[in-house]
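Okay, so here's the structure we're looking at.
Any read-out appearing in this document is the output of simple, stated calculations on the displayed coordinates, not a laboratory observation. These numbers come from a predicted model, not from an experiment. Here the Cβ positions follow ideal geometry from the backbone for every residue, glycine too, while neighbour counts run over all protein chains shown.
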Amino acid sequence: MKFIHTGDIHLGAHPENKKEWAAKRGDEIWESFERLIKKIKMQPVDLLIIAGDMFHRQPLLREVREVDYLLSTIPDTKIVICAGNHDAIKKGSFYDGFKWSENVIFIDDKNITKVDIPELNTCVYGLSYHETEIQENLYDHIIVEDIDKINILVAHGGDEKHIPISKKKLAMSGFDYVALGHIHKPEMDEKNRMAYCGSLEPIDMNDMGERGYIYGEVTKNSLELEFVPFAKRIYKEIDFQVTTTATNMEIRHRLTDMIEENGKDNMFKIFFSG
């Protein structure tokens, strides 16, 4: 089975919100999500996993409808979504009771729920946040029920305030793949059959390095994972050595060259020394 694992998309976020380009960056997050759906339309996968925090905050109804429309354009792909800590299903949430397209499975229960996808011979387990902080180890004691099917856990969390995770216990739980969300830096652990997809776009200046999604192929006997860089822009660090003889124009020219070499569309944190 072919799948794409994404999450922490944070639609509605405006990185660098005090800067003049903040609105443009907010639009680029939506555009990257749309690009991902268009890519799946051109190169179909069986399953799309969105492991929480699709939105940066409580979504507006029109925003949920926009997402549902995009997902409806890939009807041959099954889609599993859960709410994370940023878009938790609180009182009055437009997630609550929303009727999604037929190919979308929204796991809205606050307790671990199993969803069967017979056409993929797959069971997906997961839960949604109903509050912004959950300190219980809710993923530690799950045991798969049908070992003959492909079993996937969608798990948003991993720190002390957002469902602490024991990777050792998860590795022993019998899942063929654990799709992790919440940590924005991508991290693959094929040996233990799990991965953090990271954020689709960098959300703040601490999100250094490549951002994208996980492409995978899973069977009962094998798992292959690939991190696919996909962000329009990334944050990068540059160390810049200054000499006592350097002129302002020389510094400007050298910086311009370094930025060109590292991708002029990216965002840079520059450290001057010397």
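If you consider only alpha-carbon coordinates, what radius of gyration and Dmax does the stretch 142-190 have, in Å?
For the stretch 142-190, the Cα-based Rg and Dmax read 11.3, 34 Å.
Can you bin every Cα-Cα distance in the stretch 66-224 into 10 Å intervals starting at zero and give me the percent of pairs per bin, rounded to whole numbers?
Using 10 Å bins, I get a P(r) of 10, 37, 40, 12, 0 for the stretch 66-224.
Using just the helices of the chain, give the 222 nm mean residue ellipticity in deg cm²/dmol: DSSP H runs with n ≥ 4 each add -39,500 (n - 2.57), and the total is spread over all residues, rounded to 500.
Calculated at 222 nm, the ellipticity per residue is -6000 deg cm²/dmol.
Quick one: if the Förster radius is 45 Å, what FRET efficiency do ASN121 and LYS264 give, using the C-beta to C-beta distance and rounding to 0.05?
After rounding, the FRET efficiency stands at 0.45.
Between GLU136 and LYS91, what length comes free when the chain is fully extended (0.36 nm per residue of separation minus the Cα-Cα distance, one decimal in nm)?
Fully extending the segment from GLU136 to LYS91 adds 14.1 nm.
Set the Förster distance to 30 Å, then compute FRET efficiency between GLU250 and ASP204 from the Cβ-Cβ distance, nearest 0.05.
Given R0 = 30 Å and the Cβ-Cβ separation, E is 0.40.
Over 19 Å between C-alpha atoms is what I'm after, so list which of LYS19/LYS269; LYS232/LYS264; LYS19/LYS161; LYS114/LYS168 land there.
From the list (LYS19/LYS269; LYS232/LYS264; LYS19/LYS161; LYS114/LYS168), the Cα-Cα distance tops 19 Å for LYS19/LYS161; LYS114/LYS168.
Two decimals is fine: what's Rg over Rh for the stretch 36-127, C-alpha atoms, Kirkwood radius as Rh?
Rounded to two decimals, Rg over Rh is 0.95.
Calculate I(q)/I(0) for the chain by the Debye formula, one identical point scatterer on each C-alpha and no solvent, and give its log10 at q = 0.10, 0.13 Å⁻¹ to two decimals.
Log10 I(q)/I(0), no solvent term: -0.54, -0.84.
Could I have the simple spin-label model distance between ALA23 and VAL242, label points 7 Å from Cα toward Cβ, reported in nm to one decimal?
Output for this residue pair reads 3.5 nm.
When the Cα atoms of the stretch 221-274 are enclosed in a convex hull and the volume is divided per residue, what value in Å³ results?
Hull volume over Cα atoms, normalised by residue count, gives 100 Å³.
State the percent of C-alpha pairs, over all pairs in the stretch 193-259, separated by a distance greater than 14 angstrom.
In whole percent, the share of Cα-Cα pairs in the stretch 193-259 beyond 14 Å is 69.
What are the extents of the Cα atoms of the stretch 141-243 along their three principal axes, in Å, largest first?
For the stretch 141-243, the Cα spread along each principal axis is 64, 30, 22 Å.
Length gain on complete extension for the stretch ASP189 to SER273, per 0.36 nm per residue less the alpha carbon to alpha carbon distance?
26.6 nm
Pull out a ≥ b ≥ c, the square roots of the eigenvalues of the alpha-carbon gyration tensor of the stretch 1-83, then state rounded if a/c is under 1.5, prolate if not and a/b is larger than b/c, and oblate in the remaining case.
In terms of gyration-tensor shape, prolate.
Between the stretch 139-175 and the stretch 69-129, how far is it from one alpha carbon centroid to the other, in angstrom?
If we compute the Cα centre of each part, the gap is 17 Å.
Compute the projected area of the convex hull of the Cα atoms of the stretch 36-79, averaged over all viewing directions, and report it in nm² to one decimal place.
Its average projected convex-hull area is 3.2 nm².
Calculate how many DSSP beta bridges within the stretch 19-175 are antiparallel, expressed in % of all such bridges and rounded to the nearest 5.
The antiparallel proportion sits near 30 percent.
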